[in-house]
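A.B. asks: Next up is a structure, given as structure tokens.
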Amino acid sequence: MGCVFCDIIARRAPAHIVYEDEATVAFMDIMPIHEGHTLVVPKTHAADAFEIDPEEAAAAMRTAVKVARAVKAAFGCDGVNIFQSNGPAAGQTVFHFHIHVLPRWAGDRSIALRREYFAGDADLQRAAERIRKAIEPQS
Ligand code: AMP
Ligand code: ZN
């Protein structure tokens with residue numbers, strides 16, 4: 001099965017690449033939410049956060065921080081979102097792990113998360129316990 005981001009990394013597909021190192025590539029999002037919207041990908045294919053080697057994810061985040069600083073300097077934006085999505089339910093549409101670097105301007109309404117759950121302290125405690133138990137087998 002083809003992967004468009006693997007094709008971009010291998011220069012089989014066109015992209016406006018802004019940065020590359022041994023582990024990562026950064027290029028312009030083809031359908032930017034704002035001017036300067038950039039994507040960062042690890043060179044090694046992994047679909048999402050459930051699958052990726054954490055070291056590859058760390059390398060991608062290092063590049064995302066570098067790109068975020070460059071985007072802020074280049075466009076003079078007020079803020080930058082650094083985010084990524086895992087699975088269709090989370091809005092993922094390209095199944096090669098990628099980090100969005102999205103410039104933001106005060107008062108823009110391009111991305112707003114809507115809260116669908118209201119927790120009391122006991123709810124937070126129960127949720128924390130479930131996550132602690134799930135983290136243990138990984139460490
Ligand atoms: P996500 O919804 O997090 O999976 O984001 C996928 C992003 O990839 C979207 O913002 C798309 O606009 C972008 N995208 C899809 N195909 C390409 C491409 N060939 N070159 C650059 N960006 C792309
Ligand atoms: Zn890929």
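Nothing in this text is a laboratory measurement; each read-out follows from the coordinates by a stated rule. Note that the structure is a prediction, hence the values are computed from the model and not measured. Here the Cβ is made from the backbone with ideal geometry for all residues, glycine too, and neighbour counts use every protein chain on show.
A.B. asks: With an 8 Å Cα cut-off and a minimum separation of 6 or more residues, compute the relative contact order for the range 54-99 in percent. Before the final figure, lay out the partial values.
C.D. replies: Details: 23 pairs, mean separation 15.6, N = 46.
Relative contact order, the range 54-99: 34 percent.
A.B. asks: Here is a follow-up. Residue separation times 0.36 nm, minus the C-alpha to C-alpha distance between residue 135 and residue 48: what's the value? Walk me through the numbers on the way to the answer.
C.D. replies: Values: separation 87, 0.36 × 87 = 31.32 nm, distance 1.78 nm.
Additional length available on full extension: 29.5 nm.
A.B. asks: Less than 17 Å from a label point 7 Å out along the Cα-to-Cβ axis of residue 75: which backbone N atoms in the range 97-117 qualify, by residue?
C.D. replies: Answer for this model: 99-112.
A.B. asks: Ok, one more. Given a cut-off of under 8 Å on Cα pairs at least six residues apart, what relative contact order in percent is computed for the chain? Provide the component values of the computation, followed by the final result.
C.D. replies: Details: 185 pairs, mean separation 30.7, N = 139.
This gives 22 percent for the chain.
A.B. asks: If you don't mind, there's one more thing I want to ask. Based on the Cβ-Cβ distance from residue 7 to residue 57, what FRET efficiency comes out when R0 is 25 Å, to the nearest 0.05? Let's see the in-between values first.
C.D. replies: Values: r = 21 Å, r/R0 = 0.84.
Taking R0 as 25 Å, the efficiency between residue 7 and residue 57 is 0.75.
A.B. asks: Are there chymotrypsin sites (Phe, Trp or Tyr not before Pro) in the range 5-80 that DSSP puts in a loop and that have at most 12 other Cβ atoms within 10 Å, and which ones? Walk me through the numbers before you get to the answer.
C.D. replies: Values: sites: 5, 19, 27, 50, 75; in loops: 50.
Answer in residue order: 50.
A.B. asks: Something else about it: Against the longest alpha carbon principal axis of the chain, how many degrees, from 0 to 90 and to the nearest 10, is the axis of helix 54-75 turned?
C.D. replies: 60
A.B. asks: Given just the C-alpha atoms of the range 68-139, how large is their convex hull per residue in cubic angstrom?
C.D. replies: Working: hull volume 12.7 nm³, N = 72.
Hull volume normalised by residue count: 176 Å³.
A.B. asks: Continuing with the same structure: I'm a student and want to see the number: the projected area of the Cα convex hull of the chain, averaged over all directions, in nm². Kindly include the intermediate steps, with their values, before the conclusion.
C.D. replies: On the way: hull surface 42.4 nm².
That works out to 10.6 nm², a quarter of the Cα hull's surface.
A.B. asks: What is the angle, in °, between the Cα long axis of helix 121-135 and the longest principal axis of the Cα atoms in the chain? Nearest 10 is fine, range 0 to 90.
C.D. replies: 60
A.B. asks: Shifting gears a bit: Which GluC sites (Glu not before Pro) does the range 37-82 hold that lie in a coil by DSSP with at most 16 other beta carbons within 10 Å? Each step should come with its number before you reach the end.
C.D. replies: Working: sites: 51, 55, 56; in loops: 51.
When the GluC sites (Glu not before Pro) of the range 37-82 are filtered for loop state and at most 16 Cβ neighbours within 10 Å, 51 remain.
A.B. asks: Determine one quarter of the surface area of the Cα convex hull of the range 2-47, which equals its mean projected area, and express it in nm² to one decimal. Before the final figure, lay out the partial values.
C.D. replies: Working: hull surface 13.5 nm².
Over all viewing directions, the range 2-47 projects a mean Cα-hull area of 3.4 nm².
A.B. asks: Continuing with this model, one more query. By counting other Cβ atoms within 10 Å of each Cβ, how are 113, 124 ranked from fewest to most? Mind dumping the intermediate values first?
C.D. replies: Working: 113 6, 124 10.
With the sparsest Cβ surroundings first, the list reads 113, 124.
A.B. asks: Between residue 127 and residue 35, what is 0.36 nm times their sequence separation minus the Cα-Cα distance? Round to one decimal in nm. Write down the numbers at each step before the final one.
C.D. replies: Numbers: separation 92, 0.36 × 92 = 33.12 nm, distance 3.81 nm.
That pair, residue 127 and residue 35, stretches by 29.3 nm at full extension.
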